[in-house]
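Student: Let me begin by handing over the structure; questions about it come next.
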Amino acid sequence: MKYFKSLKLAAFLLLFLSSCGKTGKQSIIILETTDTHGVIMPYDYIENEPLDASLANSASYVRLLRNRDNPVFLLDDGDNLQGQPAVYYYNFIDTLSPHFLSEAMNWLGYDAGTVGNHDIEAGHDVYDRLSKTYNFPLLAANAVDRKSGKPYFTPFVILEKKNVRIAVLGLITPAVPTWLPEELYSGIEFRDMIETAKLWMPEMLKQKPDLVVGLFHSGWNRDEKDSSARNRMNENGSAAVAYNVPGFDIIFCGHDHRLANEKFANIQGDSVLILNGGSKSQKIAQADVTFSKNRITGKKRKIISGKIIEVKDFKTDPDFIRTFATQDEAVKKYVNKVIGNSTETISSRDSYFGSSAFVDMIHSIQLEITSADISFAAPLSLPYNFDSATGIEYIVDASQPEGQRVNILKMSDGRKFDDQKKYRVAVNSHRGNGSGGHLTEGAGINSIDLMSRVLSSTERDLRYYIMRSIEEKKTISPLPMNNWKIIPEEWVKAAAQREYVLLFGNIK
Ligand SMILES: [Zn+2]
């Protein structure tokens, strides 16, 4: 009898050991990629040059971890459908082939992903199509279907590997409507992050997960933990949720393209690990979690730590590269297609120093497609907050005090400019929604008022209309319109030379 008992005990111990390892512990790894913006392959299709980090490199790291013992949960935090032409091409040009992004993410074996504002920006056709092809759920508990009142995507998911169950709640920045025209998210309402997290936390806890994870497409700023009350619908509400909604062990953030790896105390004094994986497939945020059980007290313990992985330290995965060679070729072929000829050589660089052929080409297209009176525009991808206008003739007098420097002489067609009259103005959606502060802080229009002034918006982005315009014309001769200048001219001359070197280096 005694003998029998100890056999039973041995069997029990064996079971225990096989599920928890020799040490009575179980460790898991959770990885987050975020804001990849289409950096799937190690190639920049816009600049036509190789990149040292991409999902192909991340693939090597993921494979390395999966070849070890501990289960790996792979999560993505959104903003993948805008950026590199690799996604643009499969969003809008080849819509029949399987989408490159979902093929790549399925290949990598993602377990869950949250929707980002730039994924919504691609429009219903694109994200509705993609959500059906992913082998994993798309999360966003606070993107609510207006008709049913239920989440449009999946609110949370319970993932289980080797007997470890983790709950993952997805939230998207609720500020989507301040950037995007409504047709892109028609039927969806974006709700406050705290409210939504409070609503779903008990639902997740009912499932008795070993770990509760937040996967928020929203930025991290620990100073904004109290901002919820005065700033509902906060763009970067991750800190407010981390602080005000107890229950999370780990929160992965995104959206602001920054890095974070810190422990943060919530309203109950419990520690939450905050991780943010940056952008463009350059980093991976990693959480290592070890569960253990005190054999005497039976108390469960979790040891949680975070780190940021430098993706460029890992070579591209040859299998990944081989698998997606066809897609890579298709995108390269598309971006290198000759769409027309220009009789002039144009650059966006001169746009900082006066009337510019490049920006004036954008102006002409904006006026053409909107039939507005005036157009505001900035060079497409240069990181400075500087717009010019056409449709009006004006002088910027740098010697005058702030607020009195711009003097509008007349409309470009010769009509008098009347500052009491209403004009139709063409701007890109970024500016139209107040980004850069030109219309909000500059012109003093509040964001709700700003929305009510929108007469119409285009379906596609500016790059599409520029391409279409060049394709239609076949040959273009872009020249500066010279409808504005900066004075005093001797200041401008000296400053322009100095600033050019500062911005672009010595080569002219
Ligand atoms: Zn982003």
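Every read-out reported here was derived from the displayed coordinates using simple, explicitly stated rules and does not represent laboratory data. Not measured: the values here are computed from a predicted model. Positions of Cβ are generated from backbone atoms using ideal geometry, with glycine treated the same way; all protein chains shown enter the neighbour counts.
Student: Report the convex hull volume per residue for the chain, counting only C-alpha atoms, in Å³.
Tutor: That works out to 187 Å³ per residue.
Student: Additional query: Taking the number of other C-beta atoms within 10 Å as the exposure measure, put 300, 283 in order starting with the fewest.
Tutor: Listed from fewest to most nearby Cβ atoms, that is 300, 283.
Student: Quick one: what are the phi-derived ³J(HN,Hα) couplings along the range 273-283, Karplus 6.51/-1.76/1.60 with θ = phi - 60°, whole Hz, x for glycine and proline?
Tutor: Once rounded to whole Hz, the list reads 7, 9, 10, 9, x, x, 7, 6, 6, 7, 9.
Student: With θ set to phi - 60° and the Karplus curve 6.51 cos²θ - 1.76 cosθ + 1.60, what are the ³J(HN,Hα) couplings of the range 289-299 in order, to the nearest whole Hz, using x for Gly and Pro?
Tutor: Along the range 289-299, the couplings run 10, 10, 9, 9, 10, 5, 5, 8, 8, x, 6 Hz.
Student: Taking only C-alpha pairs under 8 Å that are 6+ residues apart, what is the relative contact order of the range 343-504 in percent?
Tutor: 32
Student: Going through the range 333-372, which chymotrypsin sites (Phe, Trp or Tyr not before Pro) have at most 13 other Cβ atoms within 10 Å and a DSSP loop state?
Tutor: none
Student: Can I ask one more? Sort 308, 374 so the one with the fewest other Cβ atoms within 10 Å of its own Cβ comes first.
Tutor: The fewest-first ordering by Cβ neighbours comes to 308, 374.
Student: Quick one: order 54, 356, 27 by neighbouring beta-carbon count within 10 Å, fewest to most.
Tutor: Placing the least packed residue first, the sequence is 27, 356, 54.
Student: Got a sec to turn the phi values of the range 141-157 into Karplus ³J(HN,Hα) couplings, 6.51 cos²θ - 1.76 cosθ + 1.60 with θ = phi - 60°, whole Hz, x for Gly and Pro?
Tutor: Residue by residue, the range 141-157 yields 5, 9, 9, 10, 5, 4, 6, 8, x, 9, x, 5, 9, 8, x, 8, 9 Hz.
Student: Which links in 206/300; 25/162; 132/333; 150/283 stretch past 22 Å when you go from one Cα to the other?
Tutor: 132/333; 150/283
Student: Show me the helices of the chain, taken as full DSSP H stretches, that run 18 Å or more along their long axis by Cα and average 0.0 or above in Kyte-Doolittle hydropathy.
Tutor: 2-20, 193-206, 357-370
Student: Tell me which residues come under 5 Å, amide H to amide H, from residue 77 once H is placed; ignore anything under 5 positions away on its chain.
Tutor: Under 5 Å from the amide H of residue 77 lie the amide H atoms of 33, 34, 35, 114, each far enough along the sequence or on another chain.
Student: Separate question: How long are the three semi-axes of the equivalent ellipsoid for the range 217-352, computed from the Cα gyration tensor as the root of 5 times each eigenvalue, in whole Å, largest first?
Tutor: The equivalent ellipsoid of the range 217-352 has semi-axes of 42, 25, 11 Å.
Student: Residue 96: net charge of surrounding residues, Cβ under 14 Å, Lys/Arg +1, Asp/Glu -1, itself excluded?
Tutor: Computed value for this residue: -2.
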